[in-house]
Amino acid sequence: MIIKSAEPDDVEKLLAFRQEAAAWLSKLGSDQWRRPYPADRLLRTIDAGTVFMVTEGDATAATITLTTDAEDGLWTPQELDEPSMFVNKLTVARTHAGRDVGGRLLDWAGDRAGKAGAAWLRLDAWTTNEALQRYYLRHGFSHVRTVLEGNAVNGGPRVSGWLAQRRTGTASHGFKDLTVAPKSIKKITDA
C-alpha cells in the first residue's frame, strides 16, 4: 500500500469515499457525517497539503487529514502551546476493513507528527460514536475530556467533542510513503 498527498483531482473520489463511510455509519445507527462535506472546503485542505490517501493498486483504501490547526473551542490554551498535530477525517474503505489500515495510518500520522516536532497526536471524535472512541483507545489514545458546548460556527451542541491524544513517536506502519517530509512545527522563541 502507498500513502501519498491528495491532489485537487482527487476531490470527487474523496467526497464519494466519505459518502460511502456515512452510509455505513448510518446502517450502524450513527448520525456521524450525515451532512455532505463541502467540496470547496475539502479542496482548501488538499491545497494546504494536509490530506493524504492510502492506495492499493487503483483502489483508495483510506484517507486522513493531518494538520497543525485545532478546531476552535476544543483544546485549552495550555494544550495549544504544546507542539501538536491533529487527525481529522480518518476513513477506511469497507473493502479494506479488518486489516488494521486505520491503525497503521494512525501510526504513520504519529510518526510524521513526531518528525515535524510535535509531542502529541490529537483528535476530536464524534461525541455519540462510542465504538469509534473505543477504537482510538485501543490504538493508544487517552481520553482527555468531552466538550459538549456549542461550536463557534452555529452555537448548537458540539457533535465532535470527544478529545483524545497520544504521544508521537517512530512507528513501523508498513506503507510506501510517497509524501514529502513534513515541515517543522517547532515554535521559534527569542533567546
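The values are calculated or read from the model by the stated rules, or taken from the named source; none is laboratory data. Please read all numbers here as calculations on a predicted model, not as lab measurements. Neighbour counts are summed over all protein chains in view; Cβ atoms, including those assigned to glycine, are modelled from backbone coordinates with ideal geometry.
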I'm trying to understand the selection: among the residues of the stretch 50-86, which are under 15 Å from PHE141 (Cβ atoms), modelled with pLDDT of 95 or more, not small (Gly, Ala, Ser) and not in a helix (DSSP H, G or I)?
LEU66, MET85, PHE86
Failed criterion for VAL87 (all others in (1) under 17 Å from ILE3 (Cα atoms); (2) surrounded by fewer than 21 Cβ atoms within 10 Å (Cβ to Cβ); (3) not basic (Lys, Arg) hold):
(2)
Return the pairs, sorted by first residue and then second, in which the second residue is surrounded by fewer than 19 Cβ atoms within 10 Å (Cβ to Cβ) and part of a helix (DSSP H, G or I), the first residue lies in the stretch 118-144 and is among the charged types (D, E, K, R), the beta carbons are less than 9 Å apart, and the residues are 6+ apart or on different chains.
ARG122/GLU79; ARG138/GLY103
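Would it be correct to say that ALA109 is in contact with a Gly (Cβ under 7 Å, 6 or more places away or on another chain) and either basic (Lys, Arg) or buried (at least 23 other Cβ atoms within 10 Å of the Cβ) (or both)?
Values: in contact with a Gly (Cβ under 7 Å, 6 or more places away or on another chain): no; either basic (Lys, Arg) or buried (at least 23 other Cβ atoms within 10 Å of the Cβ) (or both): yes.
Judged against the criteria, ALA109 is not a match.
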I need every pair where a residue in the stretch 57-72 that is without any contact (Cβ under 8 Å) to a residue 12 or more places away in the chain and charged (D, E, K, R) has its Cβ under 9 Å from the Cβ of a residue that is surrounded by fewer than 23 Cβ atoms within 10 Å (Cβ to Cβ) and part of a strand (DSSP E or B), sequence separation at least 6 or different chains.
none
Residue check, LEU66 against (1) closer than 26 Å to GLU20 by Cβ; (2) surrounded by fewer than 18 Cβ atoms within 10 Å (Cβ to Cβ); (3) not small (Gly, Ala, Ser), all met but one. Which one?
(2)
Please tell me if HIS96 is out of contact with any Cys (no Cβ under 6 Å at 6 or more places or on another chain) and modelled with pLDDT of 95 or more.
no
Go through (1) under 16 Å from LEU163 (Cβ atoms); (2) assigned to a helix (DSSP H, G or I); (3) in contact with a strand residue (DSSP E or B) (Cβ under 7 Å, 6 or more places away or on another chain) and name the single condition THR95 misses.
(1)
Quick check on the stretch 117-148: of everything there that is modelled with pLDDT of 95 or more, in a loop (DSSP other than H, G, I, E, B) and among the aliphatic types (A, V, I, L, M), which residue is surrounded by the fewest Cβ atoms within 10 Å (Cβ to Cβ)?
ALA119
